[in-house]
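Worksheet: one structure, shown below.
The values are calculated or read from the model by the stated rules, or taken from the named source; none is laboratory data. In this text the structure is predicted, and so the values were computed from the model without any measurement. Here Cβ is always computed from backbone atoms with ideal geometry, including for glycine, and neighbour counts include all displayed protein chains. Quick note on the areas: whole protein, heavy atoms, side chains included, nothing else; ligands and nucleic acids left out. Shrake-Rupley method; radii C 1.70, N 1.55, O 1.52, S 1.80 Å.
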Amino acid sequence: MFIPKRVIFEKGSLDTEIGKNIYNRLKDNKNVEIINTSSNKIKTHIPGDNLFEQYRSGKQTLVVGERKSLKFQTCKPSANYQLPLVSGCMGSCEYCYLNTQLGDKPFVRVFTNIDDILDKAKQYIDERLPQITIFEGAATSDPIPLEPYTNALKKTIEFIGKEEKGRFRFVTKYNDVDTLLDANHNNQTEIRFSINTPRIINTYEHHTASSDTRIEAAVKVAKAGYKIGFIIAPVFLYNNWQKEYKDLIESIKYKLPNEFNEQVIFEVISHRYTTKAKNRILEIFPETTLPMKDEDRKFKYGQFGYGKYIYSKEQLSEMKEFFHLHIKDYFPNSIIKYVI
Ligand code: SF4
């Protein structure tokens, strides 16, 4: 659960249910600064003289306010639309793709007008009838650490559960799932857990839940009847990677109940980086040990006009073979969407 260092309430947000919940839960915490603002100059309240400090202050800041634009972004190929409940994330993963997306002070913003957002989702579903419309709840955020304050995911899950042609999915690196367990999801929500080996999590994924607690949370939601999936990413090919990733797959298998026989969905993504991301990471994490030597990688042009540094063809085929073999070994019934 996210305990920020400062909370910035935008005008009118303290009159909303979500605003009141957040205020009541944090007002007596001496380590949390409460700021009310009527201007839209949020960033002036977030300290820091350089990118290194601004990044850390941003990550400890929660902004509470209304979602003004109700136009949803498309979210291909995994869903039709993003469903914006939260933007930003309290985690500080060194390789996070949001590092280049959220500006110099990457604060977390929670939206208070959830009913307006769900009304809009309903409109999108109706426009696409009779086709199914899939919404992604974690395109620019990790919504789980704020759920204890907002109940926004639960509300969304129950809303989608009633929509015959609606589907919802989101991914998380956290474990605050208890309030979702009794939601009437009607099997229309898929919860994916982004996981990695304990070595990678401990080294690069600061302020996130451990591998074990994520798997335990996955077991809880699986027992509550949700469809579950695992995104193993980013995969790093370090010394001993085969043993540690095999142990990870095995630990998922043995934490799930014996009788669990539902299809588990796996997505596996190797580590890659762009020059822009690398430069940003080196400013925010100057001591990083992320493997980003361009000469060790293959440069591949991407579809959006910039290139990425990826593992070599031989390394990627070894990785593909490895994950297909071991995932199918422990989860014969699983769907492996891709190993890339
Ligand atoms: Fe980025 Fe996800 Fe880590 Fe948050 S938890 S910093 S969104 S990779």
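Residues that are within 13 Å of the ligand (Cβ to nearest atom), in contact (Cβ under 8 Å) with a residue 24 or more places away in the chain and assigned to a helix (DSSP H, G or I) do not occur anywhere in the range 150-168. Entry remark, the range 203-256: residues being closer than 30 Å to K293 by Cα, out of contact with any His (no Cβ under 7 Å at 6 or more places or on another chain) and aliphatic (A, V, I, L, M) number 6 in total. Among the conditions (1) of a type outside the set (S, T, Y); (2) outside any loop (DSSP other than H, G, I, E, B); (3) in contact (Cβ under 8 Å) with a residue 24 or more places away in the chain, F260 misses just one, which is (2). If you go through the range 186-237 and pick out every residue that is among the hydrophobic types (A, V, I, L, M, F, W, C), away from the ligand (no atom under 12 Å from the Cβ) and in a strand (DSSP E or B), you end up with 5. Do we have any residue at all in the range 133-140 that's part of a helix (DSSP H, G or I) and within 19 Å of the chain's Cα centre (by Cα)? Within the range 133-140, not a single residue is part of a helix (DSSP H, G or I) and within 19 Å of the chain's Cα centre (by Cα). Being closer than 28 Å to E190 by Cβ, out of contact with any Asp or Glu (no Cβ under 8 Å at 6 or more places or on another chain) and of a type in the set (S, T, Y) holds for only one residue in Y95, Y23, and it is Y95.
In the range 63-100, which residue that is out of contact with any Gly (no Cβ under 9 Å at 6 or more places or on another chain) and not in a loop (DSSP other than H, G, I, E, B) is nearest to A121 (Cα to Cα)? By that ranking, first place goes to Y81.
Residues in the range 285-312 that are charged (D, E, K, R) and surrounded by fewer than 15 Cβ atoms within 10 Å (Cβ to Cβ): E287, K293, D294, E295, D296, K300. The set of residues in the range 1-50 being in a strand (DSSP E or B), open to solvent by 60 Å² or more (accessible area, probe 1.4 Å) and in contact with a helix residue (DSSP H, G or I) (Cβ under 8 Å, 6 or more places away or on another chain) consists of N36 alone.
Select from the range 110-132 the residues that are outside any strand (DSSP E or B) and hydrophobic (A, V, I, L, M, F, W, C) and write down the one among them that is farthest from the ligand (Cβ to nearest atom). Within the range 110-132, the match that is farthest from the ligand (Cβ to nearest atom) is L129.
With respect to the conditions (1) among the hydroxyl-bearing types (S, T, Y); (2) more than 26 Å from L51 (Cβ to Cβ); (3) modelled with pLDDT under 95; (4) in contact with a Phe, Trp or Tyr (Cβ under 8 Å, 6 or more places away or on another chain), Y301 lacks only one, and its number is (4). Number of residues in the range 169-185 that are away from the ligand (no atom under 15 Å from the Cβ) and acidic (D, E) equals 2.
Restricting the first member to the range 81-96 and to residues that are farther than 13 Å from N196 by Cβ, and the second to residues that are of a type in the set (G, A, S) and assigned to a strand (DSSP E or B), the beta-carbon pairs closer than 6 Å and six or more apart or on different chains are V86/S141; S87/S141; G88/S141; C89/S141. Just one of the listed residues (I215, I200, I269) is modelled with pLDDT under 95 and among the hydrophobic types (A, V, I, L, M, F, W, C), and it is I215. Of all residues in the range 238-257, those satisfying the criterion of being in a loop (DSSP other than H, G, I, E, B) and open to solvent by 20 Å² or more (accessible area, probe 1.4 Å) are Y238, N239, N240, P257. For beta carbons closer than 6 Å, sequence separation of 6+ or different chains, a first residue in the range 51-78 that is small (G, A, S) and a second that is part of a loop (DSSP other than H, G, I, E, B), the qualifying pairs are S57/I46; S57/P47; S57/G48; G58/I46; G58/K105; G58/P106; G58/F107. Of the listed requirements (1) within 16 Å of the ligand (Cβ to nearest atom); (2) in contact with an Asp or Glu (Cβ under 8 Å, 6 or more places away or on another chain); (3) open to solvent by 50 Å² or more (accessible area, probe 1.4 Å); (4) of a type in the set (D, E, K, R), D104 misses just one: (2).
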